[in-house]
Amino acid sequence: MKVCPRCQKTYTDDNLNFCLEDGSVLNAVNAAPPPPTNPISEPRPTQQQGFQQPQQQPQQGWNVQPQQQQYSMQPAKKSSKAWIWVLLILGVAVILCGGIGTVAYFVSKNVGEGLSNLSNTINASNTRSSSNSRSNSTTTTSDNSNSARTSVETLDLSNWVPTASKYAQIEYTDNELLVKNNDPKFYYVLAGTDEQKTVGADAVITVRNVNNADTNLGYGLVFHSMTTPLIQGYAFVIDAKKGRYRVVHHSPGKEEAVINWTKSDAIKTGTGPNTLEARDNSGTVDLYINGQKVNSIPNTYGYSEGVIGIYASSGIQVAFSDMELRH
């Protein structure tokens, strides 16, 4: 005899193995009773199905791929670090090569170039010069004392040759800057950098008329000038052939006399060199030729951060050398 462990229905046919009511496996009546856990063996398929559902959640989470998102940010971090290293390497290169870079910048950016055509001034200057040469003259004072400023900065005029100039022919040779402006009706100015200030300093330049040629407007020293020339500043110029000097100041489109052409026995005539100085003294400027004081002017028109420069005119070749600033 066999019995259904579920519905407890008995069967006398020993060849029957399954309950005809619920399909449960029949047990022999003499067999040991089933373990108490057998009643829950039936829901196992349901438990297996329930276990498969949580497995879908990790798969969905894997589709989101939080790890991959974190990893995708890594190249950006590496890239930013790479740029930092590139910048650091470039910075070191700039420091190591700073001297060369500075020289290149200094050569290309050192001077400001300016040209002006003042035919009316030239004509007026011609008129004045003929009268001034007869009526105006100065006797050099006995003030031959050296400047109290002893810190000397020598400026390299080889760096004052522009990369290209359509206004003048400029070259540096034998320690001289040779300048010849192209048109005798024009005057030509080069102005230095912001660091080459003449305010509170002595500005010095040596000039010579290479061919002892005639000049209407002269040649010489620019001081208290803006780095963009001919906007604001002074020019202290000479005409060695006629032994005279004058001082002018500039404003946009104008050149006006501060001191008209004046004779001075301090000037060496001919092609020899003459050294010009403008010594700034807190509101006034003392003017020297070859170490001798020839005049003094109030600093009325100078630029407060003015710099040194050179002045050429009349289409003649002028040699400039020994440019200095004393502080």
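The values are calculated or read from the model by the stated rules, or taken from the named source; none is laboratory data. What you see is a predicted model; the values in this text were computed from it and never measured. FYI the Cβ positions are ideal-geometry reconstructions off the backbone, even for glycines, and counts take in every protein chain you see.
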Name the residues in region 241-261 that are assigned to a loop (DSSP other than H, G, I, E, B) and either under 31 Å from the mean Cα position of the chain (by Cα) or closer than 18 Å to GLY306 by Cα (or both), would you? PRO252, GLY253
Residue set ARG208, ARG149, ARG128; condition within 27 Å of SER251 (Cα to Cα), among the charged types (D, E, K, R), at pLDDT 90 or above and surrounded by 14 or more Cβ atoms within 10 Å (Cβ to Cβ); output residue ARG208
Picking from THR275, THR269, the residue that is under 19 Å from GLN317 (Cα atoms) and out of contact with any strand residue (DSSP E or B) (no Cβ under 8 Å at 6 or more places or on another chain) would be THR269
Here is a list: TYR288, TYR303. Which entry is outside any strand (DSSP E or B) and either at negative phi or among the small types (Gly, Ala, Ser) (or both)? TYR303
At pLDDT 95 or above, assigned to a loop (DSSP other than H, G, I, E, B), among the small types (Gly, Ala, Ser) and in the same structural domain as ASN290 (by TED's automatic domain parsing), is that true of ALA213? yes
Taking into account only those residues within region 174-187 that are touching a residue at least 60 places away in the same chain (Cβ under 8 Å) and of a type in the set (Asp, Glu), which is surrounded by the most Cβ atoms within 10 Å (Cβ to Cβ)? GLU176
Of everything in region 211-221, what is crowded, with 24+ Cβ neighbours inside 10 Å and closer than 15 Å to ASN274 by Cα? Give them in sequence order. GLY218, TYR219, GLY220, LEU221
Failed item, numbered, when ASN144 is tested on (1) of a type in the set (S, T, N, Q); (2) at pLDDT 95 or above; (3) in contact with a Gly (Cβ under 7 Å, 6 or more places away or on another chain): (2)
So, in region 252-269, how many residues would count as being surrounded by 14 or more Cβ atoms within 10 Å (Cβ to Cβ) and either in contact (Cβ under 8 Å) with a residue 60 or more places away in the chain or acidic (Asp, Glu) (or both)? 9
Residue check, LEU190 against (1) surrounded by fewer than 16 Cβ atoms within 10 Å (Cβ to Cβ); (2) part of a strand (DSSP E or B), all met but one. Which one? (1)
Looking at the structure I just gave you, is GLY272 surrounded by fewer than 18 Cβ atoms within 10 Å (Cβ to Cβ), over 36 Å from the mean Cα position of the chain (by Cα) and touching a residue at least 40 places away in the same chain (Cβ under 8 Å)? yes
